[in-house]
Amino acid sequence: QVQLVESGGGSVQAGGSLRLSCAASGLAFSTHAMGWFRQAQGKEREFVAWISNRGVTTYYVDSVKGRFTISRDNAKNTVYLQMNSLKPEDTAVYYCAAAKRFPPTTKVNEYDYWGQGTQVTVSS
């Protein structure tokens, strides 16, 4: 049984930082690209970042470039999202997802497994 478990969410003031983690089990982690998505209240789930299976390549949505960094540790079956200079518009539930495909994708429906999400709230 595949499980993705996010942690690290919380409430911060604008300009602050958070580091999200996503621990994976039940899958061959190093063969899967990993992505982070977010969903604000009343909005559709949107792509934030992906990282290739060995961590060589990353890609970000324009709105987080230069502020967020995705990384992974295949020895720990964990993917991270370091979020700096947070803005109120970053407030959302953040989800990690796994996709056994190359190249990685920004599309929600092309990911095979999802975590339950972790809330990030940024106040002004």
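Whether a residue is at pLDDT 95 or above, in a strand (DSSP E or B), touching a helix residue (DSSP H, G or I) at 6+ places or on another chain (Cβ under 9 Å) and not aromatic (Phe, Trp, Tyr) was assessed, and VAL93 does not pass this test.
In region 88-115, the residue that is most open to solvent (accessible area, probe 1.4 Å) out of those that are touching a Phe, Trp or Tyr at 6+ places or on another chain (Cβ under 7 Å) and under 17 Å from LEU20 (Cα atoms) is TRP114. Only residues that are of a type in the set (Lys, Arg), in a loop (DSSP other than H, G, I, E, B) and open to solvent by less than 60 Å² (accessible area, probe 1.4 Å) were counted across region 61-87, and they come to 1. Once region 96-124 is narrowed to residues that are out of contact with any helix residue (DSSP H, G or I) (no Cβ under 6 Å at 6 or more places or on another chain), β-branched (Val, Ile, Thr) and part of a strand (DSSP E or B), the residue that is farthest from ARG67 (Cα to Cα) is THR118. Whether a residue is assigned to a strand (DSSP E or B), charged (D, E, K, R) and out of contact with any Pro (no Cβ under 7 Å at 6 or more places or on another chain) was assessed, and ARG19 passes this test.
Out of region 29-57, which residues are out of contact with any Lys or Arg (no Cβ under 8 Å at 6 or more places or on another chain) and surrounded by fewer than 16 Cβ atoms within 10 Å (Cβ to Cβ)? ALA40, GLN41, GLY42, LYS43, GLU44, ARG54, VAL56, THR57, listed by residue number.
The values are calculated or read from the model by the stated rules, or taken from the named source; none is laboratory data. All values derive from a computational prediction rather than experimental measurement. A quick note on method: Cβ atoms are made from the backbone with ideal geometry, for glycine too, and the neighbour counts reach across all protein chains shown. In case anyone asks, the SASA skips ligands and DNA or RNA and just uses the protein heavy atoms, side chains included. Shrake-Rupley method; radii C 1.70, N 1.55, O 1.52, S 1.80 Å.
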